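As structure tokens, the structure follows; a few thoughts come after it.
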Amino acid sequence: MLPMEHPDSTQNPREWRGWLFALLSFAAIAAVLHFSGQTSRPLPVMPHPVAPPANVVPDVQPMEFAPVTEQDARAENARIAFVTKGFVAARPFVYPGAGEARDRARDCMAAAMLYEAGDDSKGQLAVGQVVINRVRHPAFPKTICGVVFQGSERTTGCQFTFTCDGALNRRYSDAAWTRARSNADRMLAGLIDPKVGLATHYHTDWVRPYWSDSLEKIASEGTHLFFRWPGFWGTPGAFRGAVSANDAPIAKMAGLSPAHALALAPPSDLADAAASIGPVKLVTGAGDAVGRDTIYVQLDRRATPESFVTLALRLCGERPYCKFMGWTNPVMKPDSDAMNDMQRAAMSFSYLRDEKSGFEKALWNCSEYARDDTRQCMKR
């Protein structure tokens, strides 16, 4: 028996191939359109966070991050919609104290600004506003330094990461530190940053703190995202707590801030200082130079150059006149009042205070420690 013929077996093979090519092309185009439509579709928005009870002060969660890649963190952060309803700027804040406590508060805030936002005024003011918002809120400590260094005793999870991740071992330029202190001064005198409103939390857009889904995202500045609590604890009524003017000295600030260093149990005498920093020689002024004391010190070459100022202030104490001279090379440090030209050229740092004439100045050997401001260099 002969095999049966297919009904279409008489068609031209070229026609079959043409129809097949057309069908495959159509399917490919449809697939491209389908998947391109999928990739352009926005990610679903996260549900609105639940407000904590108005009669219970919310807990402050440590700054701990979900283990996600930067790319995934940015995608997840983008899913959180900005909340504009109820957005208000913070009221101006004026620090309630003065003197040394205010100096310590200023330097704590300046450190947060500089180490969290870098040498960028816009970012610094945003960080400073969060610090002020926190100190007014009952969920946080009641001093500026207490807010900034909350949780810093931990190795991770501190509220401001620079206080526990070793960042303070790095040093910005003197000019950058001066700018940050100026910005901090302005905020403690009433300047506000209206764009971050009543934000009490922030993070960079490439990380995912576990708390971010529980707060309302209300602003951004550069790569930072800013958040507030939903409900009552994110409204102006929650930011009316009394602020303390008793900013205590912080040990981690001693190398950066003389205001903190001087308050941290300075050595009772030069002998105590010598036990911790190396040989110290005090030359007491006599005759016409009575009261004009000079201190010769061997400096630790591993120390930061800014810490020499702190050391000089500690050792000079309350003396109205004090000359402080230091060498990192112990061989070149003079053993007596007499100093030859080679020893003078090897001097690493000097500090002079003369309250009678209103003079105070610190100078570095800029061949050993480069300074941004050449006016801080010893003349050679």
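The values are calculated or read from the model by the stated rules, or taken from the named source; none is laboratory data. It should be emphasised that the depicted structure is a prediction, and the values quoted were computed from it without experimental measurement. Here the Cβ is made from the backbone with ideal geometry for all residues, glycine too, and neighbour counts use every protein chain on show.
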TODO: Please find, within the stretch 113-158, the residue that is surrounded by the most Cβ atoms within 10 Å (Cβ to Cβ) out of those that are under 14 Å from the mean Cα position of the chain (by Cα) and part of a loop (DSSP other than H, G, I, E, B).
DONE: 149
Open item on the list: Within the stretch 159-169, take every residue that is in contact (Cβ under 8 Å) with a residue 24 or more places away in the chain and of a type outside the set (Gly, Ala, Ser) and give me the one that is surrounded by the fewest Cβ atoms within 10 Å (Cβ to Cβ).
Closed with: 168
Task: Members of the stretch 179-215 found to be of a type in the set (A, V, I, L, M, F, W, C) and either outside the structural domain of residue 86 (by TED's automatic domain parsing) or under 24 Å from residue 96 (Cα atoms) (or both), listed by number - done: 180, 184, 187, 188, 189, 191, 192, 196, 198, 199
TODO: Identify, from the list 180, 199, the residue that is buried (at least 19 other Cβ atoms within 10 Å of the Cβ) and in a loop (DSSP other than H, G, I, E, B).
DONE: 199
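Yes/no per residue for (1) within 30 Å of residue 312 (Cα to Cα); (2) within 18 Å of the chain's Cα centre (by Cα); (3) at pLDDT 90 or above:
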residue	(1), (2), (3)
197	no, no, yes
240	no, no, yes
250	yes, yes, yes
266	yes, no, no
272	yes, no, no
281	yes, no, no
Open item on the list: Considering only the stretch 203-216, I want to know if a residue exists there that is touching a Leu at 6+ places or on another chain (Cβ under 8 Å), modelled with pLDDT under 95, β-branched (Val, Ile, Thr) and not in a helix (DSSP H, G or I).
Closed with: yes
Open item on the list: Looking at the stretch 61-70, can you tell me whether even one residue there is surrounded by 17 or more Cβ atoms within 10 Å (Cβ to Cβ) and either at pLDDT 85 or above or more than 22 Å from the chain's Cα centre (by Cα) (or both)?
Closed with: no
